[in-house]
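Got a structure for you, written out below as structure tokens; questions coming shortly.
The values are calculated or read from the model by the stated rules, or taken from the named source; none is laboratory data. Remember, predicted model here, so these are calculated numbers, not experimental data. Every residue, glycine as well, gets a Cβ built from its backbone with ideal geometry; the counts of neighbours run over all protein chains shown.
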Amino acid sequence: MDWTIFQFLAAPITASLIIAGIHAYLGLHVVERGVIFVDLSLAQIASLGAAIAVWQDYDPHSAMVYWMSLGFTLIGALIFSMVKAQKAKIPQEAFIGISYAVASAAVILTLSKATGESEHLRDMLVGNILSVQWPEVWTTAALYLGIGIFHYVFRRRFLEISMDPKAATSRGVSIRFWDFLFYASFGLVVTRSVAIAGVLLVFCYLIVPSVGAMLWAARIGPRLAIGWVMGVLVSMLGMYFSVNFDLPTGATIVCTFGLALIVMAALKPVLFRHAVS
Amino acid sequence: MKFKNMIAIAIALTSLASARPASAALKVVTTTADLGALAKEVGGDKVQIDSFAKGYQDPHFVEPKPSFILLANKADLLIVVGRELEIGWLPPLITSSRNAKIQVGASGYLDASNNVKILEIPTGQITRAMGDVHPAGNPHYWLDPGNGRRIAGAIRDKFSELSPADKAYFAQRYSDFDKRLADAEKRWDAAMAPYKGTKIVTYHRSWPNFVERFGLDVIGYVEPKPGIPPSPSHTLELIDEMKRQNVKVILVEPYFDLKTPQSIANQVGAKVLVLAPSVGGTKEATDYIQLFEYDVNLLASTLKTITGK
């Protein structure tokens, strides 16, 4: 194996570690809330915004496309925070699935009316981790750091509304407002991550570390720690497999996540023989 | 072990950057197998050639792999199809390669489309009414043997510039290829001559140079826009148009799904033909001349059974 390749992969590796960091944390919320597919849905709603801007003859690389996708992300966040407040029997996942399907189809419809570079637009929205360049890595790191600080400052609020919304309501906390803040910040992160790493990979970074951690621990602190370690290890291992067997990097990391989860599940009875009753 | 490798490669890189020894083979990377095949015709054993996209892959969408970056890093010359064909995947690869020689505009970067015949270049203002338009023209220009010859000529000139010691060798290889291609073209023209003006439908706009060269007439496309599924009205219009103009052949590239073209063909009693758009697109298309050999023979024999000519 040729190890020099890793000097060229420094940017993708850094990007995957940054993504692993924030997504393992956000995944904890998402799994607690039971809104597993919300990231796919928000990313698709953001794509719709970008597609509409392109349809309106804005250059796909222009700032307008970015602001439109951001605007649509906020609209999506608003929808999801409103939907939860409705105490209907319809599960929230249903609305998330519907938004995903409708937004995806609307992107196809919009692009069918757009001229020129439409076939490249989807490539731009769905990134490839191997193609990440340093400037993208740094802007992403800065954005995630900002959102990370925001979540750290209000960590009790965010955890409370995710894990025990009833208690929060009874204490007079506006669930709707905090939910909106959660989904909006979450949408910012996911849209950015999908643009550099692709839908499949981002989904795995979000959900798998969180689920893997739940296999081994119950409390929030240890779960977060396990999630981070898992995200980092799987990223490195996936990169190694990708280079060693010369496979497309994103898909290799996704499959490595699957393998890691199986291994963790298999090890559970061995490691926690006494703890499991 | 790792360190030895790294040092060896570092030394190799620095020596490459300063002056390439005349004996070492020129390292050439091409984006498609067609360009690789043409470079092989001209370069022979004086060059070492690797291609990114396989002939059965859609060159618009190539999934980059780590080995691509390494190939690009070590290359003396990168040959691209250009005309925005590789825009979705190549630019970040060139940046990641950190190889000054192959950056756009550098001496180790050859855009094969620079001196070939390009079709479908829009003139004047591009408006939405024109539908999907490539501002730089249709990038599938290698499917005309005349363009193949022009590309080989450009490759010969570039090879000679980068490796002046082998100039005569490249010139010899080129004229040999030129002759074999000219002989083959006579065969192909003879095989296609009876079917001049035959109306066909193609899936993607991959074939304008091919049909112009062999005198076929494309009256429509299965895919109204790359990547966008055809609307019912588009499909119905196409079926009506094919019936009206008595079109019996639909050409499809190997990387597209056959379902839609097959159902259209069933409705109008036409035949779906999967032609190879690139070297390696089918196992018979082993080099540039064999690619046309395969496509022309398949097309001519099909048209023979349909038209009875």
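Quick one: what pairs do we get from the stretch B:203-215, first residue part of a loop (DSSP other than H, G, I, E, B), second of a type in the set (S, T, N, Q), C-beta under 7 Å, 6+ apart or different chains?
Sorted first by the residue in the stretch B:203-215, then by its partner, the pairs are B:Arg205/B:Asn138.
Would you check if there is a residue in the stretch B:210-217 being surrounded by 20 or more Cβ atoms within 10 Å (Cβ to Cβ), outside the structural domain of B:Asp58 (by TED's automatic domain parsing) and of a type in the set (Phe, Trp, Tyr)?
Taking every residue of the stretch B:210-217 in turn, at least one turns out to be surrounded by 20 or more Cβ atoms within 10 Å (Cβ to Cβ), outside the structural domain of B:Asp58 (by TED's automatic domain parsing) and of a type in the set (Phe, Trp, Tyr).
Which residue, of A:Val211, A:Val234, A:Val190, is away from chain B (no Cβ under 14 Å), assigned to a helix (DSSP H, G or I) and within 21 Å of A:Phe150 (Cβ to Cβ)? Working first, answer last.
Values: A:Val211 fails: within 21 Å of A:Phe150 (Cβ to Cβ); A:Val234 fails: within 21 Å of A:Phe150 (Cβ to Cβ).
From the options A:Val211, A:Val234, A:Val190, the qualifying one is A:Val190.
Something else now. Pick from B:Glu223, B:Glu284: which is farther than 17 Å from B:Thr202 by Cβ and either modelled with pLDDT under 95 or outside any strand (DSSP E or B) (or both)?
After applying the criteria, what remains is B:Glu284.
Going through A:Leu130, A:Leu200, A:Leu215, A:Leu145 one at a time, which residue ends up being touching a Gly at 6+ places or on another chain (Cβ under 8 Å), free of Cβ contacts under 8 Å to residues at least 60 places away in the same chain and within 27 Å of A:Phe257 (Cβ to Cβ)?
None of the others qualify; the one that does is A:Leu200.
B:Gly280: without any contact (Cβ under 8 Å) to a residue 24 or more places away in the chain and not assigned by TED's automatic domain parsing to the domain that holds B:Ala33, yes or no? I'd like the intermediate steps shown before the answer.
Details: without any contact (Cβ under 8 Å) to a residue 24 or more places away in the chain: no; not assigned by TED's automatic domain parsing to the domain that holds B:Ala33: yes.
In short, no.
Suppose we filter the stretch B:68-115 for residues that are more than 14 Å from every other protein chain (Cβ to nearest Cβ), under 17 Å from B:Ile49 (Cα atoms) and in a loop (DSSP other than H, G, I, E, B); how many remain?
4
Which of the residues belonging to the stretch B:24-67 are more than 18 Å from B:Lys283 (Cα to Cα) and either under 12 Å from the mean Cα position of the chain (by Cα) or assigned to a helix (DSSP H, G or I) (or both)?
Passing the criteria: B:Thr30, B:Thr31, B:Ala39, B:Glu41, B:Val42, B:Gly43, B:Gly44, B:Asp45, B:Lys46, B:His60, B:Pro66, B:Ser67.
Under the condition of being buried (at least 19 other Cβ atoms within 10 Å of the Cβ) and among the hydrophobic types (A, V, I, L, M, F, W, C), which residue from the stretch B:95-117 is modelled with the lowest pLDDT?
B:Val116
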